[in-house]
Amino acid sequence: VALMYDFDKTLCTKDMQEYTFIPGVGMTAEEFWREAAALSTEQKMDGVLTYMYLMLEKAHAARKGIRRADFVKLGRDLEFFPGVTEWFERIRCFGDELGVTVEHYIISSGLREIIEGSEIRDAFREIFACEFLYDENDVACWPKNAVNYTTKTQFLFRINKGVLDISNDTDLNTYTPEDERRVPFRNMIYIGDGLTDVPCMKLVKVGGGYSIAVYRDGYHRQDDPSENAPHRHPHGRLRRPDEGREGGKQPRVTRGKSSRIFRKKCQKKILPFVINKSIVVENPFGRYFYSGGRTGVLFFFTSGDSHERKVLEKLQHRHEHRFPSEEDALVCVAFDFLEHPAASV
């Protein structure tokens with residue numbers, strides 16, 4: 001299972017450049033981003049490339065170091081939302097309880113170098129973010145990688161296929177059957193806060209995974225009538241970054257995904273043992289229906305919403321009439337492991 005995160009304002013409390021770099025060149029955050037936006041508009045320039053260019057220009061003017069080590073050092077000053085530093089170990093333990101491997105990835109328009117210098121760097125299998133190219137003196141001279149709105153989506157496919165080397169486009173674009181892909185989209189959760197995350201949120205959700213849109217504590221929907229307000233995007237469920245951490249409870253961001261995690265485990269370890277020569281079909285609601293012979297009937301275990309439960313009940317009723325004999329029964333399974341821990345029995 002892959003959990004993928006934006007970084008700025010999702011894990012850390014503001015844009016990473018605002019902690020140390022921007023004050024270090026004698027500017028406020030508002031001044032820096034205003035100038036970046038104006039330059040982008042004037043030159044019809046990609047916004048991410050604009051801020052990377054401006055970082056080098058302002059550092060030169062302020063006589064600040066722009067070696068790779070200088071940027072990595074900035075990561076020490078990042079501040080994270082409450083619970084973030086403990087999050088990754090908690091989720092690892094939760095995955096261990098289910099017998100599921102959980103991997104964490106960053107997909108960010110921020111700087112990889114700064115993320116590498118942060119205290120949570122070791123939690124991630126890979127960091128996909130913007131990065132500078134450095135000359136023979138280790139001085140930044142050119143953008144090596146720029147990650148914007150839609151370029152973020154390529155990294156979903158890299159994780160999906162297990163092709164994490166950015167220079168390897170051949171394997172990324174080579175056809176791979178769905179059942180041979182390392183991390184299916186249905187086993188992905190994408191967590192982000194802004195417009196740059198919307199394409200990834202949509203792609204993950206369409207593929208059967210989950211998208212979570214986070215917001216700062218104190219944000220009220222009724223106070224934000226703008227079209228770009230977080231709650232107006234249909235591709236992610238709205239959550240605070242620290243939601244679910246109180247009282248040591250399992251974070252709510254994982255509860256919706258838990259049924260999919262268990263279903264994956266169940267499909268691989270339990271159902272093939274029960275169902276002989278079954279045909280697997282995924283319905284539009286993400287539940288699995290197994291049609292096989294001489295298997296009897298596995299009844300529904302579901303704690304989905306009322307609409308989904310009614311749909312499942314109708315399907316069960318219809319198929320019981322359609323396959324009246326026990327040996328030709330349609331086997332239907334819809335687990336929610338947290339609500340029905342005995343379902344594996």
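Across the range 120-134, the residues whose backbone nitrogen lies under 16 Å from the label position 7 Å along the beta-carbon direction of Ser167 are 131-134. With protein chains left intact and a 1.4 Å probe, residues in the range 117-167 average 47 Å² of accessible area per residue. Within the shell of other residues whose beta carbon sits under 13 angstrom from the beta carbon of Ser40, the net charge comes to -1, with Lys and Arg scored +1 and Asp and Glu -1. Fully extending the segment from Phe94 to Asp46, taken as 0.36 nm per residue of separation minus the present Cα-Cα distance, adds 13.3 nm. Rounded to whole numbers, the Karplus 3J(HN,Hα) couplings from phi for the range 198-203 are 4, x, 5, 4, 5, 5 Hz, using 6.51 cos²θ - 1.76 cosθ + 1.60 with θ = phi - 60°, and x at Gly and Pro.
In the range 1-115, carbon and sulfur make up what percent of the accessible area (probe 1.4 Å)?
49
For the cross-link pairs Lys14/Lys73; Lys9/Lys161; Lys64/Lys144, the ones whose C-alpha atoms lie over 23 Å apart are Lys9/Lys161. Which shape class applies to the range 89-187: rounded if a/c is under 1.5, otherwise prolate when a/b exceeds b/c and oblate if not, where a ≥ b ≥ c are the square roots of the Cα gyration tensor eigenvalues? Because a/c hits 1.5 or more and a/b fails to exceed b/c, the range 89-187 counts as oblate. Across the range 52-164, Cα pairs under 8 Å and at least six residues apart give a relative contact order of 25 percent. Compute the Cα gyration tensor for the range 1-72, then decide on rounded, prolate or oblate, letting a ≥ b ≥ c be the square roots of its eigenvalues: rounded whenever a/c is under 1.5, prolate when a/b is larger than b/c in the other cases, and oblate in all that remain. Judged from the Cα gyration tensor, the range 1-72 comes out oblate (a/c at least 1.5, b/c at or above a/b). A simple rule links phi to the HN-Hα coupling: the Karplus curve 6.51 cos²θ - 1.76 cosθ + 1.60 with θ = phi - 60°, which for the range 12-29 gives 9, 7, 7, 4, 4, 5, 7, 6, 10, 5, 4, x, x, 9, x, 10, 8, 4 Hz, with x for Gly and Pro. Other residues with beta-carbon under 15 Å from the beta-carbon of Asp122 carry, at +1 per Lys or Arg and -1 per Asp or Glu, a net charge of -1.
On the range 163-208, 52 percent of the accessible area sits on carbon and sulfur atoms, based on a 1.4 Å probe.
The values are calculated or read from the model by the stated rules, or taken from the named source; none is laboratory data. Here the structure is a predicted model, which is why all the values come from computation and not from measurement. Virtual Cβ from ideal backbone geometry, glycine too; neighbours counted across all protein chains shown. Note: accessible area is taken over every heavy atom of the protein model, side chains too, but ligands, DNA and RNA are not part of it. Shrake-Rupley method; radii C 1.70, N 1.55, O 1.52, S 1.80 Å.
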